[in-house]
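All remarks here apply to the structure that follows.
The values are calculated or read from the model by the stated rules, or taken from the named source; none is laboratory data. It should be emphasised that the depicted structure is a prediction, and the values quoted were computed from it without experimental measurement. Using ideal geometry, Cβ is built from the backbone for each residue, glycine included, and neighbour counts are taken over all protein chains shown. Heads up: the accessible areas ignore ligands, DNA and RNA and are worked out on the full protein's heavy atoms, side chains in. Shrake-Rupley method; radii C 1.70, N 1.55, O 1.52, S 1.80 Å.
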Amino acid sequence: MGLLTEGSPLSWEETKKFTNHVREHGIEQFINLYARLKDRQGDVLKWGDEVEYMIIKFDDEKQTAQVSLRALEILNQLQEKELKDPNSVKSLWRPEYAAYMVEGTPGKPYGGLLAHFNVVESSMKYRREEVAQLLNDDESVMSITSFPLLGCPKFSYPSFDVQPNNPDSAAQSLFFPDEAIFSGHPRFKNLTRNIRMRRGEKVCINVPVFKDEKTKYPVFEALQETPDHVYMDAMGFGMGNCCLQLTFQACNINEARYLYDQLTPLCPIMLAFTAASPIYRGYLTDIDCRWNVISASVDCRTMEERGLAPLKENQFRINKSRYDSIDSYLSENGEKYNDVPLLYNEEDYEKLRKGGIDHLLAQHIAHLFIRDTVSLFSEKIHQNDEEETDHFENIQSTNWQTMRFKPPPPNSSIGWRVEFRPCELQLTDFENAAIVVFIVLLTRVILSFKLNFLIPISKVDENMQKAQKRNACMEEKFWFRKNVNDNKNDNCQTTKDECEDCELWSINEIINGKDDFPGLIRLINQYLASMEVDTDTHCSIQQYLKLIQRRAAGNLLTTASWIRKEVLNHPDYKNDSIVTDKINYDLLKKAKKVQEGLLPCNELIGCFTNSKTSEEIPPAIAKQHELKAQNGN
């Protein structure tokens, strides 16, 4: 969720007085940080995943399923081990936006050993079991992206009335009560209130409904101008969803910039591939992914900034929400593909340039800083810009983009990092581990083979919108670079004209190959063929890659397609796009059995779930790695 500062949160009116202060000192803090750490070298490969879970309560007698608002109670117990012995815990737990969510990561980051790929799934299983041990008999921990009935009457346990007319309510939502927001840290309700206050009205989320034979319009509570859309009005509808994210440490700043750029074109591909959220507020919709829903849920732009009123109080018209795809590449090779004009404050840019920061990075930071802070704590207003970075992180961590470029924290052993953020959650640990291993292996292939996936930023934006369409993984074609081995080709024009370097390809062609392009899986296997891989790890990796191959080829369903199929084939479904309590209950009960391995689901996972995952790196491999490190090999 980003920076979790302790202290007393300020109202929007109080925060507004300090927006320029935070911006000015945040820029200064980054300049100082960069000056200290720009030449940092030699950080080893480290990486880790973040999995967000929901706590679901089942009532078997009434045949209903609700989100359980016990995250704070459960989180306090999960964090006890870390508080007692922070260096030896196998997992770390952090709060998330909603009172029914928890976020788990490995206790320590994984390293450069290929054998680490065999630990991922085991770690995910351990995390799930850790939570499960703390649950009531009628509760389950589930890795689902969106809860189908979120915002419907009595969607949570306990249930609360909404208070749309209560001036003290953070969300003032027609559907999402404040009690469903995590109460253990003031940041979450403060963000909710301040985003609404800065915008000047409630956020507005409109999702096209799936049009079936008996779908009625307007959809219940739909806005007049969008009668065939599902309307939602609170941050919780977006930030109350779950996802799978990855962070990679690079050896230096240049490698981090290179990875940031090369992974960017893969973001929409992986969003479509991991699609897992076709239901919103009890309606089957015509989208498969959460991305635009979250984007709208935190869109704090005023009417002026959205281009709906002349600029008077605000400085810019801003094209995107603060939660969206990135707007510029950061490496020199990526510069010519920055074909969308980048909005930034000239004064901030000039200040960064005078601070010794190059054009591409300076415009990136200045672009992030067109946003106001929307969450400020009284204790953190005045800081030492030489030693602290909270003002920088305040803005950085509330620009929720597909990729995040992350400087080292001050006084830390952590290096320059990039975060890969688009992926949706899958039902099983096997699937989530497969996606993690696939993406991490791609980073190794990119760096080892010096690959070039760059396409114009405008094409990435286009791909992001395509990725969210119903059944995009099978039916859409995405802009992709034809020759990924060419780092010198300069055929791409820096306009929105057709780019000679890229073509429209299916996800199957991108992952499994097309004509002269071998496909991402074959590139990974070429890389693995040159490496020493122990038998168990090799077995697990191949099981994961088979899942990726078969899903890309259409032999297996995406999670979203599987969910949609379950709803459409349910005996209670009335061909009206409505997901009832009974349909929701049966869907989640079946998903629970699938995630626990109690119900085979060949159409979703196939039969490739027999990985050789292990809790630990085999001692012999660890010892061999240690000896190589000592000998400088």
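Here are some notes:
- With the convex hull drawn around the C-alpha atoms of the stretch 66-111, the volume per residue stands at 72 Å³.
- Separation in nanometres of the label points that stand 7 Å from Cα toward Cβ, at residue 599 and residue 76: 3.5
- Distribution of pairwise C-alpha distances over the chain, 20 Å bins, in %: 19, 56, 24, 0
- Here's the picture: charge each Lys and Arg Cβ at +1 and each Asp and Glu Cβ at -1 in the stretch 530-575, and of 567, 539, 554 the one pushed furthest to the positive end of that dipole is 567.
- Sorting the segments 474-480, 537-543 by their mean number of nearby beta carbons within 10 angstrom, highest to lowest, gives 537-543, 474-480.
- With coordinates expressed along the principal axes, the C-alpha atoms belonging to the stretch 201-241 extend over 32, 22, 12 Å, beginning with the largest.
- The chain - share of DSSP beta bridges that are antiparallel (%, nearest 5): 90
- Mean ellipticity per residue at 222 nm, deg cm²/dmol - from DSSP H runs of n ≥ 4 across the chain, formula -39500 (n - 2.57): -10500 deg cm²/dmol
- Listed peptides 592-599, 283-290 appear in the order 283-290, 592-599 once ranked by packing, highest mean of other Cβ atoms within 10 Å at the front.
- Spin-label model, residue 160 to residue 539: label points 7 Å out along the Cα-to-beta-carbon direction sit 4.9 nm apart.
- Bridgeable aspartates and glutamates around residue 592 (alpha carbons under 13 Å apart, same-chain partners fewer than 8 residues away excluded): 138, 139, 429.
- Shape of the stretch 253-361, Cα gyration tensor, a/c cut at 1.5: oblate
- Distance violations [Cα-Cα > 24 Å] among 16/154; 38/81; 336/469; 108/589; 565/589; 57/125: 16/154; 38/81; 336/469; 108/589
- Size check on the stretch 381-526: the Cα extents along the three principal axes, sorted descending, read 58, 42, 34 Å.
- Packing rank of 342-353, 49-60, where each peptide gets the mean count of other beta carbons within 10 Å, highest leading: 49-60, 342-353
- Charge-dipole axis of the stretch 448-600 as Lys and Arg at +1 and Asp and Glu at -1 on Cβ define it, positive-most pick from 597, 526, 510: 597
- Modelled FRET efficiency - R0 60 Å, residue 137 with residue 35, Cβ distances, 0.05 increments: 0.60
- Among the listed pairs 312/380; 202/466; 466/574; 450/482; 466/514, those whose Cα-Cα separation exceeds 18 Å are 312/380; 202/466; 466/574; 466/514.
- Accessible area in square angstrom per residue, the chain, 1.4 angstrom probe: 40
- Two-site label geometry, residue 336 and residue 174: point separation in nm, points 7 Å out along Cα→Cβ: 5.1
- Rg to Rh quotient for the stretch 186-321, alpha carbon positions, Kirkwood Rh: 1.04
- Accessible surface of the chain [probe 1.4 Å, protein heavy atoms]: carbon and sulfur percent: 47
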